[in-house]
Amino acid sequence: MTYRCGIHIPGTDTRPRVICDECGSVLAVRQDRPSPMWLLDNKAPPGWVLVRRETDDGVWRRDYCPQCKGGHTEE
């Protein structure tokens, strides 16, 4: 999953958001509320699928939006 927190960097989109690792679609995370539980629990956003593998090199993780989740299996 590509998660961008709401850090202000001039000339960039500063909204907290999750980006699909296949198509690049964006799910905005509301700024006026606490972080969602799925984010704190290291899970995929609702309706998305998470593929995660632990290897000797570390953790490999990909999140896929509802349009891209077909063909990917959850772990």
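Within the range 32-75, being farther than 18 Å from Asp21 by Cα and among the acidic types (Asp, Glu) holds for Asp32, Asp41, Asp56, Asp57.
Within the range 45-69, residues that are without any contact (Cβ under 8 Å) to a residue 40 or more places away in the chain and on the phi > 0 side of the Ramachandran plot reach partners that are in a loop (DSSP other than H, G, I, E, B) and crowded, with 18+ Cβ neighbours inside 10 Å with beta carbons closer than 9 Å, at six or more positions or on different chains, in the pairs Gly47/Cys65; Gly47/Lys69. Out of contact with any strand residue (DSSP E or B) (no Cβ under 6 Å at 6 or more places or on another chain), outside any loop (DSSP other than H, G, I, E, B) and among the β-branched types (Val, Ile, Thr), is that true of Val59? The answer is yes for Val59.
To keep it simple, each residue is scored yes or no on (1) at pLDDT 85 or above; (2) outside any loop (DSSP other than H, G, I, E, B); (3) surrounded by 15 or more Cβ atoms within 10 Å (Cβ to Cβ); (4) not aromatic (Phe, Trp, Tyr).
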{"site": "Gly6", "(1), (2), (3), (4)": "no, no, no, yes"}
{"site": "Asp13", "(1), (2), (3), (4)": "no, no, no, yes"}
{"site": "Cys23", "(1), (2), (3), (4)": "yes, no, no, yes"}
{"site": "Gln31", "(1), (2), (3), (4)": "no, no, no, yes"}
{"site": "Gly47", "(1), (2), (3), (4)": "yes, no, no, yes"}
{"site": "Glu54", "(1), (2), (3), (4)": "yes, yes, no, yes"}
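The values are calculated or read from the model by the stated rules, or taken from the named source; none is laboratory data. Here the structure is a predicted model, which is why all the values come from computation and not from measurement. Cβ coordinates were reconstructed from backbone atoms using ideal geometry, including for glycine residues, and neighbour counts include every protein chain displayed.
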